[in-house]
Amino acid sequence: MDTEIIEGLKKAIKEYDTEKAANLAKRAVEEKLDPLKVLNAMTVAIREVGDAFGRGDLWLPDLVGAADALQAAMPIIEEEIKRTGAKRESLGTVVAGTVFGDIHSIGKTMVCTLLTAEGFKVHDLGVNIKAEQFVEAIDKYNADILAMSALMTMTAPEQKKVIERLKKEGLRDKVKIMVGGGAITEDFAREIGADGYDPTAPGAVKLARKLIGK
Amino acid sequence: MAKGFMRRFPPLKILTDEQVEAIHRGTLDVLQQTGVLVYNERALNVFKKAGCDVNFETKRVKFPPGLVEECLRKCPSSFRVKARNPKDDLLIGQDNVLFFNFPGTDTVDLDTWEPRSPTKKEHIDLIRVLDALPNVHFLNAYPYFGFSGGVPEVMKEIEGVALRIRNSSKVTIAIANNDIDMFTIRMAKAVGSEIFANPNTSSPLTCYTDQVNACFLAAEYDLPSMIWDGATSGGTAPASLAGAVVLSNAELMPYIVLLQLLKPGARIAVANLVLPQNMTNGAPAFGEIGVSLHNVAFNQVWREYGVPTVSSSCGPTSSKRIDFQLGYQKTMPTLLSALSGSSILQLYSSIYGEITAHPVQAILDDDIAGMIGRFLEGLEVSDESLAIDLINEVGPIPGHYLGKKHTRKWWKKEQFVPRAADRLTYPEWAKTGKKSCIDYARERMEEILSTHKVDPPLTQSQEEEIEKILKEAREYYRKKGMITDAEWESYKKIIEK
């Protein structure tokens with residue numbers, strides 16, 4: 001039974017089946033499976049998809065499909081981890097989102113998916129996120145890393161606003177900040193006081209590891 | 001009147017009549033069933049009054065098919081646009097084909113191919129080259145998005161319009177973000193020119209307030225509008241190209257309905273920047289064949305509507321250099337769009353996406369435009385061109401045609417001579433420094449920059465009016481908090497200079 005649910009969940013993620021993934025996650029909870037074991041299986045599945053994407057065997061719609069399936073199952077399992085008080089191991093906690101005024105989600109979703117696959121605990125806030133929402137989430141989740149995306153030249157300065165807000169709230173030094181998106185350059189990242197920038201999603205994962213020394 | 005190219009043969013069709021009808025029905029169906037989000041109170045009221053199903057709370061507007069069709073019928077199939085010098089007036093539609101440029105945020109170093117922000121001089125140089133090139137019929141908004149040195153983001157395009165008006169007599173475009181068209185439309189008016197209003201759709205199925213306001217400004221100032229749709233098929237539009245045409249059409253229609261309700265007979269061209277998505281990195285797949293398939297189908301559908309089309313996806317490529325890939329990624333969409341009935345082709349000066357543009361590229365593009373334009377004009381079949389008498393007269397070898405009067409007259413008519421291409425024989429090429437088309441284009445750029453003068457330059461009072469509007473704009477955005485104190489300090493130094 002256990003194996004059937006876990007293997008089914010892995011398969012649902014790899015077949016981009018959102019509904020099946022959510023149902024199997026619920027069943028895992030009902031059957032009292034070890035939520036950490038389930039989470040680990042999900043991470044393995046998304047890593048396989050991420051690796052295939054990296055090799056060029058899978059494409060962006062596949063990656064986003066798998067991410068959606070993962071996202072459908074994740075909150076159910078996370079809730080169970082919290083309820084049982086199990087100790088979850090992760091490389092670190094990331095809060096991510098696309099800045100206020102900007103609704104581009106693809107790059108941000110790619111980075112979040114690959115970070116999850118790598119073993120980070122990722123809180124994807126979504127798009128059009130205001131500075132105060134980032135700050136609140138960093139505080140709430142005790143994040144190690146903040147990852148912000150901006151695709152347009154008009155919205156890029158919003159990243160600076162978030163950093164300034166963090167300074168004001170005394171949270172800047174608690175978190176490593178990485179920025180990305182079409183409108184961002186290495187120079188811009190440095191100028192606004194971010195800790196790192198990378199133009200690609202796989203590069204962002206390496207950067208995240210580097211920033212927290214893992 | 002600006003001399004465009006006249007297409008003298010029926011346009012390429014890729015769809016059957018039934019397929020065109022299916023796309024049209026699909027468009028009406030989406031507009032009626034799902035409708036669009038309209039974040040603009042004034043427009044919601046106009047739509048409500050015209051009989052649309054409007055939900056003021058959710059901002060959702062659903063359109064009765066009859067209204068959409070009625071508004072389409074009100075669009076003129078051709079129209080004129082007035083420039084400040086009549087030589088640059090535009091005729092849009094009637095198989096007349098025009099060209100203009102595609103923007104870039106940056107210029108590019110022609111040796112390292114690294115992008116960087118252009119200086120103010122480089123920004124002006126690109127405008128001057130575009131003004132000088134004969135087949136650039138009007139200028140897009142931002143040839144570059146501003147220039148280096150501390151102009152606040154919101155003022156970049158307002159300063160840019162002032163530079164275009166000062167350095168070119170050609171018609172330009174007023175983009176709508178952050179109300180900046182409130183100022184740029186007045187600048188054009190001050191010099192006696194019309195300017196295109198430029199509402200942009202947001203995919204999927206959303207109309208933001210600034211873009212909708214552009215329609216109200218177009219009606220108030222009686223301006224022509226160029227409505228832009230830039231969905232990405234597979235991302236913000238269906239991956240199937242027919243579905244992407246349906247979606248982009250459904251996004252363009254609300255603007256057409258609004259413009260025609262505000263001013264029946266309003267002049268409209270629809271611009272197609274729909275691009276497939278690169279499924280490796282999420283960027284648009286510039287210059288790939290899906291671009292052309294979409295353009296050709298889109299053109300065919302809109303020809304049925306009698307609304308002139310703009311093919312905006314001709315200019316940007318995925319190449320970072322001026323190279324073989326750039327050449328085919330520009331030529332294929334431009335040629336196929338031209339053959340399928342585009343009224344306007346947005347080809348010039350861009351290199352990679354909306355990132356890099358360069359005057360040298362614009363000069364190379366002038367040859368692509370010249371070649372395609374020449375093709376559109378087709379070939380004449382007459383007694384004189386059939387040349388039967390001449391063929392009989394010259395007869396077999398050793399007869400030849402080189403010294404004939406007929407040859408002197410006809411070769412120039414039939415051939416288009418590219419200005420920047422390497423057309424030399426090997427010995428000539430070796431002797432003249434082994435130059436490429438890029439070298440020739442660089443030489444032509446230098447020549448244009450040292451000799452070209454805008455015709456006519458602005459009068460003293462026009463200059464003063466432009467300055468006055470710039471000043472008002474600066475104050476407006478200072479008050480709105482869109483120019484911070486720190487930005488203002490460095491901006492002030494540039495203004496004083």
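The values are calculated or read from the model by the stated rules, or taken from the named source; none is laboratory data. Fair warning: this is a prediction, and the values are worked out from it, not measured in the lab. A quick note on method: Cβ atoms are made from the backbone with ideal geometry, for glycine too, and the neighbour counts reach across all protein chains shown. What goes into the accessible areas is simple: the full protein's heavy atoms, side chains included, and nothing from ligands, DNA or RNA. Shrake-Rupley method; radii C 1.70, N 1.55, O 1.52, S 1.80 Å.
For segment A:93-211, what class follows from the C-alpha gyration tensor (a ≥ b ≥ c being the square roots of its eigenvalues): rounded when a/c is under 1.5, otherwise prolate if a/b is larger than b/c, else oblate?
Taking the square roots of the gyration eigenvalues as a ≥ b ≥ c, segment A:93-211 is rounded.
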Worksheet item: What helices does chain B have that are whole DSSP H segments, at least 27 Å long along their own axis by Cα, and with mean Kyte-Doolittle hydropathy of 0.5 or more?
Response: B:241-262
Worksheet item: Across the residues of A:153-161, average count of Cβ atoms on other protein chains within 10 Å?
Response: 2
Worksheet item: Which length gain, in nm to one decimal place, applies between B:Thr425 and B:Asp53 when the Cα-Cα distance is subtracted from 0.36 nm times their residue separation?
Response: 127.1 nm
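Tell me the mean residue ellipticity at 222 nm calculated for chain A from its helices only (DSSP H runs of n ≥ 4, each -39500 (n - 2.57), averaged over every residue, nearest 500).
Working: 9 runs with 125 residues, N = 214.
My calculation for chain A gives -19000 deg cm²/dmol from helical runs alone.
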Response to the item:
If unit charges are put on Cβ atoms (+1 for Lys and Arg, -1 for Asp and Glu) and the dipole of chain A is taken about its Cα centre, the option from A:Ile177, A:Val64, A:Tyr16 lying farthest towards the positive end turns out to be A:Ile177
Fill in: Label point distance in nm, B:Asn45-B:Asp29, each placed 7 Å from Cα along Cα→Cβ
3.6
Response to the item:
Taking a ≥ b ≥ c as the square roots of the Cα gyration tensor eigenvalues, with a/c under 1.5 meaning rounded and otherwise prolate when a/b beats b/c or oblate if not, segment A:150-214 comes out oblate
Worksheet item: Within segment B:1-87, which GluC sites (Glu not before Pro) sit in a loop by DSSP and count at most 13 neighbouring Cβ atoms inside 10 Å?
Response: B:Glu57
Worksheet item: Roughly what would the spin-label model give for B:Thr407 and B:Ile495, points 7 Å off Cα along C-beta, in nm?
Response: 6.5
Worksheet item: How big is the accessible area of B:Ile124 in square angstrom, nearest 10, if you roll a 1.4 angstrom probe over the protein chains?
Response: 40
Worksheet item: Under 18 Å from the 7 Å Cα→Cβ point of B:Lys468, by amide nitrogen: which residues of segment B:185-220?
Response: B:185-193
Practice prompt. Can you bin segment B:204-330 into rounded, prolate or oblate? Criterion: square roots of the alpha carbon gyration tensor eigenvalues sorted a ≥ b ≥ c, rounded for a/c under 1.5, prolate for a/b above b/c, oblate for the rest.
Written response: prolate
Worksheet item: Average partner chain C-beta neighbours within 10 Å, per residue of B:279-286?
Response: 5
Discussion item. Using Cα-Cα distances under 8 Å and only pairs 6 or more residues apart, what relative contact order does chain B have, in percent?
Written reply: 19
Item to complete: With the Cα gyration tensor of segment B:372-497 in hand, give its eigenvalues times 5 under a square root as the equivalent ellipsoid semi-axes, listed largest first in whole angstrom.
Response: 57, 22, 14
Fill in: Helix A:18-30 vs. chain A, principal-axis angle (Cα, 0 to 90°, nearest 10)
60
Worksheet item: For segment A:93-211, what is the relative contact order in percent, using Cα pairs closer than 8 Å and at least 6 residues apart in sequence?
Response: 28
Worksheet item: Which whole-angstrom value gives the distance between the alpha carbon centres of segment A:172-214 and segment B:231-283?
Response: 34
Discussion item. For chain A, take the longest principal axis of its alpha carbons; what is the angle in degrees between that and the long axis of helix A:2-14, to the nearest 10 within 0 to 90?
Written reply: 40
Worksheet, complete the sentence: Dividing the helical contributions, -39500 (n - 2.57) per DSSP H run of n ≥ 4, by the residues of chain B yields a 222 nm value, nearest 500 deg cm²/dmol, of -14500 deg cm²/dmol
Discussion item. Can you give me the C-alpha center-to-center distance between segment B:1-39 and segment B:160-194, rounded to a whole angstrom?
Written reply: 29
Discussion item. Give me log10 I(q)/I(0) at q = 0.07, 0.09 Å⁻¹ for the protein assembly as shown, Debye formula, one equal scatterer per alpha-carbon, no solvent.
Written reply: -0.55, -0.88
Practice prompt. Give me the distance in nm between label points sitting 7 Å out from Cα along the Cα-to-Cβ direction at A:Ala52 and B:Thr459, one decimal.
Written response: 7.1
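Normalising by the residue count of chain A, find the relative contact order in percent from Cα pairs under 8 Å and 6+ residues apart.
Averaging sequence separation for qualifying contacts and normalising by length gives 17 percent for chain A.
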Practice prompt. Find the eigenvalues of the gyration tensor of the Cα atoms of chain A, then list the square roots of 5 times those eigenvalues as equivalent ellipsoid semi-axes, largest first, in whole angstrom.
Written response: 30, 19, 14
Worksheet item: When the scattering of segment A:2-84 is computed by the Debye formula from its Cα atoms alone, each counted once and equally, what is log10 I(q)/I(0) at q = 0.23 Å⁻¹?
Response: -0.97
